[in-house]
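J.: First, the structure itself, so that you have it in front of you.
The values are calculated or read from the model by the stated rules, or taken from the named source; none is laboratory data. Quick caveat: nothing in here was measured; it's all calculated off a predicted structure. Note that we place each Cβ from the backbone using ideal geometry, even for glycine, and neighbour counts take in every protein chain shown. These area figures cover heavy atoms from the full protein model, side chains too; ligands, DNA and RNA do not enter into them. Shrake-Rupley method; radii C 1.70, N 1.55, O 1.52, S 1.80 Å.
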Amino acid sequence: MDMHSVSALSVLLLQQMCVYLVVAYVLSRTRLFIPLTRASIRWPHRITCYLIFSAFCIMGTLLGLPVVKGNAIANTPAIGAVLGGLLGGPIVGLAVGITGGIHRYSLGGSFGLAASIDIVMQGLIGGLVHRYLIKHGKTRLLFSPLLAGGLTAITIVIELGIDLTLSRPFSEALYIVSLIALPELIANSAGAAVFVEILLDRRDGIERQSRAFSAKALEIAAHVDGVLREGFDQENSMRVARIIYDQTGVGAVAITDREKILAFIGMGDDHHLPNTPITSPHTLHAINHNEVIFADGYEVPYQCSISPSCKLGSSLVIPLVGENKRVIGTIKLYEPKTKIFSTINRTLGEGIAKLLSSQILDGRYEQQKNLLLQSELKLLHAQVNPHFLFNTLNIIISVTHDDPAKARKLLTDLAVFLRKNLKRPIADVMLSDEIEHIKAYLGIQLARFADRLTVEFDIPEHLLSVHVPAFTLQPLVENAIKHGTSQMIRTGRISIRAHQDEHAIFLEVEDNAGLYNPEPKGDGLGMNIVDRRIKNRYGESSGVTVSCEPDVFTRISVRIPLEAKT
Amino acid sequence: MITALIVDDEPLARQELRRALEPAKDIQIVGECGNAIEALGRIHIDKPDVVFLDIQMPQITGIEMLGMLDPNNMPDIVFLTAYDEYAVKAFEKNAFDYLLKPVTPERLELTLQRLRNGVPQHDYDALPEASRLRQIPCFGQNVVLFLKIDEVECVESRASGIYVSDIEGKERPTDLRLNILQQRTPLLRCHRQFLVNIDLVQKMHYLESGLAEFVTRSGRVIPISRRLLPEIKARLGIL
């Protein structure tokens, strides 16, 4: 045995091994390798596993070094076969082994048969170990470089045994084995271990990347949450742009509506000025066609449309989509000419745009709802019925002739009533304020209808100071007169009462007309708004209830819960 | 001398108009009413030349009341309103006179001038509320009774006047003529002298000689005239 040729062969084989591993490393950077980083039982993954390891198995054979006139090859197909089995299971292992075996057999030589059987054996052993580890819940060990190296070493020993058994003449077999034993042992075990190490590295890489990505996305989502819900305007856009700029680290961030730049932060903010019209053709295209535009500066040229000396070299324009898929604006990410636009930021950008779109939509909806309620409220509180107003002026003119004192009292009532009506109805008032309001109103109505109207109050003293939403009683009293007593030939009577139990205050307005119509032709608006306002604030168990006995009475009752003391 | 009636449900408003009319020596106010029901009675009895008529009044509005008056004995009408965009629009369109409360002396003078010069007869059917009656006023001794249309069984014209029968068979005289009631109510003209509430008819009898008659649920027999029979059959979908 020639020690010199053994060590030379070892070095040569290790060199070949290096080429092999470089190929593995390079491939590991591609998406192709992703399925290999998980022990998966899914068939598409197993097939990928089979194909890749078969390729490596064959490559191991091809990169081998022929010895003794090509009768044998000092080579490394064992790595592909063992790892194929170890990571893909017995079936994949066997398939890889058979594929590699057939390939080796086709190369011939006195070792041909033995070597091809070796490969099948190695695939099978890898697969069996896989099954054993899975069964015993030691999945983690599948990706242990040590285990892969050790297992490969064992299969190499078995391989050499098979070679000696099957190859003839025995003397030549013995000679060859003595020559290749050490190099194969070293190269294969080391190769398998490093290969698994590469896979581990790749897996960590993917996880690190997706962890970083998720963290970034979550961070941005948490920061921008609700900002644009308050309104898609310059101030809020500025806040959002700032967050995205800080979190993504891109060169610059802009937000536009359909016409102008709402916010711009980052490089180039000296000439990309908020509140100036959009000039970029990419942005205009994105708005008009609802398309994401990515101008990387190479395939799609990018040049700042404002300043030729602008340092920005690439831009991503993503439309913000509102109601009915209408584009309401864009969000733009930029990178300087010196930096490449990362895929992560591209994906992030699109995700952020989706998030912002839905927020803006939510915000608009909310805003409209609020506007509606506010305008209804405004309507209610400014709703001095003109018919009431002119009739009042008319009778005051009449009264001035005969009873100036009464005229003065009526004018004072009218002033109080108008002043309270013009007050913003947002705040709470004391029940006594509300009573003052309706007393002024009723003072006038009593003068108008003279002998046809009587009013009685029953409000316990201690309830006068409780707080109630402004404009709760007045609309109800107005309804009781307008749709109730003013329609009666006989004398109308209106009672205004308040009482409370342990949970709530009840305000009641009752008339003796009994003309309540659930679908009034006129405006049940006042009562509906009172009901909705109170329900909005105190919940469904509160609000207005109506009871009516036709031609006898209509009673409107408002339930206002006593607010829990905090 | 022009006789006038003031109809308004607010006493102080009536008082104010009375005061405003005081300087006009040729206007004699014969009465005041606080609702349309009273007013119908007074118009019936006093036959004023002009009625100052408020629109918004309990139960029967001023305009509804117009539909209950006999168009041939119609006083001049001056509408009163504090604020009623729709009514005012309709008055303008039909050249009906109206006053906005509070009334200015100049505007009132204009109205009085028109009244003195003689007002052409107006057709108040242009106002939907006046052209569709919900109820029929029946005049009794010092009382006006309102019969809802669905409580009316039939209306009969006799030499002594027009009589409305209710579902209980009670008869009351009304001032409204048969063809006015035919126009302003869903009652069906089945005979020169009869309107019938078709909802209360139980059967139609064919008689010999090609005549027919209605029998109501209460058993009352109402004749159908030969001339109107084809039209009624067509309307009821009888072939």
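J.: Pairs please, first residue from region A:447-471 and more than 14 Å from chain B (Cβ to nearest Cβ), second anywhere and open to solvent by less than 20 Å² (accessible area, probe 1.4 Å) and hydroxyl-bearing (Ser, Thr, Tyr), Cβ atoms under 6 Å, 6+ apart in sequence or on different chains.
T.: Taking only residues 6 or more apart or on different chains, the pairs are A:Glu456/A:Ser495.
J.: So, one more: Among the listed residues B:Leu188, B:Leu211, B:Leu181, B:Leu176, which satisfies the condition of being surrounded by 19 or more Cβ atoms within 10 Å (Cβ to Cβ) and at pLDDT below 90?
T.: Going through B:Leu188, B:Leu211, B:Leu181, B:Leu176 in turn, the sole match is B:Leu176.
J.: Filtering region A:59-90 down to residues that are on the phi > 0 side of the Ramachandran plot and not basic (Lys, Arg), which residue is least open to solvent (accessible area, probe 1.4 Å)?
T.: Checking each candidate, the answer is A:Gly89.
J.: Moving to a separate point now. Give the residue that is nearest to the chain's Cα centre (by Cα), with candidates limited to residues of region A:230-240 that are open to solvent by less than 90 Å² (accessible area, probe 1.4 Å) and within 16 Å of A:Ile328 (Cβ to Cβ).
T.: That would be A:Val240.
J.: While we're looking at this one, here's another question. Within region B:71-115, can you find the residues that are among the basic types (Lys, Arg), touching a strand residue (DSSP E or B) at 6+ places or on another chain (Cβ under 7 Å) and away from chain A (no Cβ under 14 Å)?
T.: Listed by number, the list holds a single entry, B:Arg114.
J.: Quick check, is A:Gly109 in contact with a Gly (Cβ under 9 Å, 6 or more places away or on another chain), not acidic (Asp, Glu) and not in a helix (DSSP H, G or I)?
T.: yes
J.: Being away from chain A (no Cβ under 13 Å), touching a strand residue (DSSP E or B) at 6+ places or on another chain (Cβ under 8 Å) and farther than 19 Å from B:Thr174 by Cα is the filter here; which residues of region B:22-45 pass it?
T.: Listed by number, the residues that qualify are B:Asp26, B:Ile27, B:Gln28, B:Ile29, B:Val30, B:Gly31.
J.: Scan region A:516-559 residue by residue and report those that are hydroxyl-bearing (Ser, Thr, Tyr), outside any loop (DSSP other than H, G, I, E, B), at pLDDT 85 or above and open to solvent by less than 70 Å² (accessible area, probe 1.4 Å).
T.: Within region A:516-559, A:Ser547, A:Thr554, A:Ser557 qualify.
J.: I would also like to ask the following. Do the conditions hold for B:Gln56, that is, is it farther than 26 Å from B:Ile180 by Cα, of a type outside the set (A, V, I, L, M) and in the same structural domain as B:Ala82 (by TED's automatic domain parsing)?
T.: no
J.: Considering every residue within region A:248-271, establish whether at least one is farther than 15 Å from A:Gln359 by Cβ and either part of a helix (DSSP H, G or I) or modelled with pLDDT under 85 (or both).
T.: Yes, region A:248-271 has at least one match.
J.: Quick check on region B:116-144: of everything there that is within 14 Å of chain A (Cβ to nearest Cβ) and assigned to a helix (DSSP H, G or I), which residue is farthest from B:Glu22 (Cα to Cα)?
T.: Only one residue tops the list, namely B:Pro128.
J.: Of the residues that sit in region A:121-153 and are modelled with pLDDT under 90 and β-branched (Val, Ile, Thr), which one is nearest to the chain's Cα centre (by Cα)?
T.: Residue satisfying both the conditions and the ranking: A:Thr139.
Yes/no matrix, rows are residues, columns are (1) of a type outside the set (D, E, K, R); (2) in the same structural domain as B:Ile63 (by TED's automatic domain parsing); (3) within 21 Å of B:Ile60 (Cβ to Cβ):
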position: B:Phe139; (1), (2), (3): yes, no, yes
position: B:Ala159; (1), (2), (3): yes, no, no
position: B:Val164; (1), (2), (3): yes, no, yes
position: B:Glu171; (1), (2), (3): no, no, no
position: B:Asp199; (1), (2), (3): no, no, no
position: B:Tyr206; (1), (2), (3): yes, no, no
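J.: Please state which of the following conditions A:Asp433 fails to meet, knowing it meets all the rest: (1) at pLDDT 80 or above; (2) more than 14 Å from chain B (Cβ to nearest Cβ); (3) open to solvent by 70 Å² or more (accessible area, probe 1.4 Å); (4) in contact with a helix residue (DSSP H, G or I) (Cβ under 8 Å, 6 or more places away or on another chain).
T.: With (1) at pLDDT 80 or above; (2) more than 14 Å from chain B (Cβ to nearest Cβ); (3) open to solvent by 70 Å² or more (accessible area, probe 1.4 Å); (4) in contact with a helix residue (DSSP H, G or I) (Cβ under 8 Å, 6 or more places away or on another chain) applied to A:Asp433, the lone miss is (3).
J.: Quick check on my filter: what residues within region A:12-30 are in contact (Cβ under 8 Å) with a residue 60 or more places away in the chain and assigned to a helix (DSSP H, G or I)?
T.: A:Leu12, A:Leu13, A:Leu14, A:Gln16, A:Met17, A:Tyr20, A:Leu21, A:Ala24, A:Tyr25, A:Ser28
J.: Looking at A:Ala513, is it within 14 Å of chain B (Cβ to nearest Cβ), of a type outside the set (S, T, N, Q) and crowded, with 17+ Cβ neighbours inside 10 Å?
T.: yes
J.: Moving on. Looking only at region A:106-137, which residues are surrounded by fewer than 16 Cβ atoms within 10 Å (Cβ to Cβ) and touching a Ser or Thr at 6+ places or on another chain (Cβ under 9 Å)?
T.: Hit for region A:106-137 is A:Ser106, nothing else.
J.: Does region A:387-415 hold any residues that are of a type in the set (A, V, I, L, M, F, W, C) and open to solvent by less than 40 Å² (accessible area, probe 1.4 Å), and which are they?
T.: A:Phe388, A:Ile395, A:Ile396, A:Val399, A:Ala407, A:Leu410, A:Leu414, listed by residue number.
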